[in-house]
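The values are calculated or read from the model by the stated rules, or taken from the named source; none is laboratory data. Just so it is clear, the model here is predicted, and its values are computed rather than measured. Using ideal geometry, Cβ is built from the backbone for each residue, glycine included, and neighbour counts are taken over all protein chains shown.
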Amino acid sequence: MKALLLGLLTLILSGNLFAENLPGGFIAVKEEQIIWKDGENGIKNVVLFGDPSKPGMYIIRNIFPAGVMSTPHSHDQDRWVTVIKGTWYSGTDASWDPDTTIMMPQGGMMFHPANTVHFDGSLKEPVEVQIMGMGPVKTTYIYQSVGKYGNAHKLN
């Protein structure tokens, strides 16, 4: 419990969001309290809970602009992805071929096992996803010369 509260305090002080501490140890974060950070190729992200670089549970959200996907990569820890808004597409190999992706509509959830190569993001419309996992987590990109995000096209 002490680590949980310390993690939340770190988030609040870092400016990622404004959370409300409620009686009994409850914590509430309302959508209007989320402060998005701009990332590479128009990606927006926020850490809602914890810290992916440190031990313990974390929850992050990403918004992918229309047509932007992550390049093939893997994580050394399991992750659970829930689609909050829009339609999310996930490929389960290193091809970066958008024609091989699995479509996940709003409300859908997908489990990504540790050390499995995948790519994901948007094909047609902006999409917001929430990702949960245990830290620390390391991400390894397969095609480092291509970058982390872009317009998916078949690579192999």
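Results for (1) under 21 Å from LYS44 (Cα atoms); (2) touching an Asp or Glu at 6+ places or on another chain (Cβ under 6 Å); (3) not acidic (Asp, Glu), shown as yes or no for each residue.
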site: VAL81; (1), (2), (3): yes, no, yes
site: THR92; (1), (2), (3): no, no, yes
site: ASP97; (1), (2), (3): no, no, no
site: PHE119; (1), (2), (3): yes, no, yes
site: SER122; (1), (2), (3): yes, no, yes
site: THR139; (1), (2), (3): yes, no, yes
site: VAL146; (1), (2), (3): yes, no, yes
site: TYR149; (1), (2), (3): yes, yes, yes
site: HIS153; (1), (2), (3): no, no, yes
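Inspect the stretch 103-126 for any residue being in contact with a helix residue (DSSP H, G or I) (Cβ under 7 Å, 6 or more places away or on another chain), aliphatic (A, V, I, L, M), surrounded by 17 or more Cβ atoms within 10 Å (Cβ to Cβ) and within 11 Å of PRO72 (Cα to Cα) and give the result as yes or no.
Keep residues of the stretch 103-126 that are in contact with a helix residue (DSSP H, G or I) (Cβ under 7 Å, 6 or more places away or on another chain), which gives 123.
Cutting the leftovers down to aliphatic (A, V, I, L, M) gives us 123.
Restricting the remaining residues to those that are surrounded by 17 or more Cβ atoms within 10 Å (Cβ to Cβ) gives 123.
Next, only the ones that are within 11 Å of PRO72 (Cα to Cα) stay: none.
Within the stretch 103-126, none of the residues are in contact with a helix residue (DSSP H, G or I) (Cβ under 7 Å, 6 or more places away or on another chain), aliphatic (A, V, I, L, M), surrounded by 17 or more Cβ atoms within 10 Å (Cβ to Cβ) and within 11 Å of PRO72 (Cα to Cα).
Of the numbered conditions (1) touching a residue at least 40 places away in the same chain (Cβ under 8 Å); (2) in a strand (DSSP E or B), VAL46 fails exactly one; give the number of that condition.
Only one criterion in (1) touching a residue at least 40 places away in the same chain (Cβ under 8 Å); (2) in a strand (DSSP E or B) is unmet by VAL46, namely (1).
Sort through LEU13, LEU48 and tell me the only one that's at pLDDT below 85 and either among the hydrophobic types (A, V, I, L, M, F, W, C) or touching a Phe, Trp or Tyr at 6+ places or on another chain (Cβ under 9 Å) (or both). So that I can check it myself, show each step before the final result.
Details: LEU48 fails: at pLDDT below 85.
Criteria check complete, one pass: LEU13.
I'd like to check something: does the stretch 56-64 contain any residue that is buried (at least 20 other Cβ atoms within 10 Å of the Cβ), among the aliphatic types (A, V, I, L, M) and in contact with a helix residue (DSSP H, G or I) (Cβ under 9 Å, 6 or more places away or on another chain)?
yes
Only one of SER70, SER74, SER145 is among the hydroxyl-bearing types (Ser, Thr, Tyr) and buried (at least 19 other Cβ atoms within 10 Å of the Cβ). Can you tell me which? Steps first, answer last, please.
On the way: SER74 fails: buried (at least 19 other Cβ atoms within 10 Å of the Cβ); SER145 fails: buried (at least 19 other Cβ atoms within 10 Å of the Cβ).
Answer to the check: SER70.
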